[in-house]
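Worksheet for the structure shown next.
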Amino acid sequence: MKVNKFGRAAILSPTQITLLFNEGLTKPRDRALFGVCLYAAARINEACTLLRGDVIGVKGVREVLVIRSYNTKGKQSTREIQVHPQLKEYLSEHHRCDRWHTRPYLFPGRHGRGSIHKASADRILRDACRKLEIEGVSTHSFRRTALTRMSDKGVPLRHIQAISGHKTLAALERYLGVTEQQKESAIATLDF
């Protein structure tokens with residue numbers, strides 16, 4: 001668990017996700033921002049620096065969002081990720097309420113200049129978690145949660161790698177979390 005910026009970001013439970021999106025993140029912008037982190041398994045900087053045109057088209061929210069290579073951690077390759085129906089709702093709500101439609105960034109910074117800074121996003125999340133009394137969560141928790149959930153559901157690692165943008169399977173495997181319930185289930189299979 002992450003404490004004071006040390007340790008690994010917690011993997012969120014379904015209950016925590018529901019609490020955060022229904023009670024903690026009160027603004028459409030915040031739900032859309034962290035929705036991108038969760039439903040596209042994006043890093044916070046990748047979400048913060050999304051361009052409006054990479055997500056919003058003339059008919060509204062696109063079916064695929066684009067994370068440009070120069071906004072990724074390794075600046076390796078551009079990723080295209082299918083937009084989950086729940087994410088589409090969050091993005092549509094944000095787009096309807098957004099007063100900065102003429103700005104290039106999907107999540108504009110203060111006074112519409114540049115993009116929202118990842119430190120500002122971190123502060124928004126910390127305030128929501130404090131209000132809900134959820135510990136160990138960081139902006140990276142959404143990415144770890146999404147990738148771990150896909151792995152738990154049997155999605156092939158190569159498919160997860162294409163979404164996450166990890167260069168190697170080894171890097172991705174180090175990233176995935178193992179819950180206490182999974183360890184308990186593994187031990188339970190020892191039926192001799």
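The values are calculated or read from the model by the stated rules, or taken from the named source; none is laboratory data. None of these values were measured; they are calculated from a predicted model. Every residue, glycine as well, gets a Cβ built from its backbone with ideal geometry; the counts of neighbours run over all protein chains shown. With ligands, DNA and RNA removed, areas are computed over all heavy atoms of the protein, side chains included. Shrake-Rupley method; radii C 1.70, N 1.55, O 1.52, S 1.80 Å.
Using only Cα atoms, find the angle between the long axis of helix 118-132 and the longest principal axis of the chain, and express it within 0 to 90 degrees, rounded to the nearest 10. Compared with the principal axis, the helix lies near 60 degrees. Taking amide H as placed 1.01 Å from N in the peptide plane, I56 has its amide H under 5 Å from the amide H of R62, each at least 5 places away in sequence or on another chain.
Longer than 22 Å from Cα to Cα, which of K131/K183; K153/K183; K59/K118; K59/K88 are they? Say none if no pair is.
The pairs that break the limit, which is 22 Å between Cα atoms, are K131/K183; K59/K118.
In this rough spin-label picture, where each label sits 7 Å from Cα along the Cβ direction, the K183-R123 distance is 3.7 nm. Summarise the accessible area of the stretch 68-192 (1.4 Å probe, protein heavy atoms) by the percent that is carbon and sulfur. Carbon and sulfur: 50 percent of the exposed surface of the stretch 68-192. Neighbours of C97, meaning other residues whose beta-carbon lies under 12 angstrom from its beta-carbon, give a summed charge of +2 when Lys and Arg score +1 and Asp and Glu score -1.
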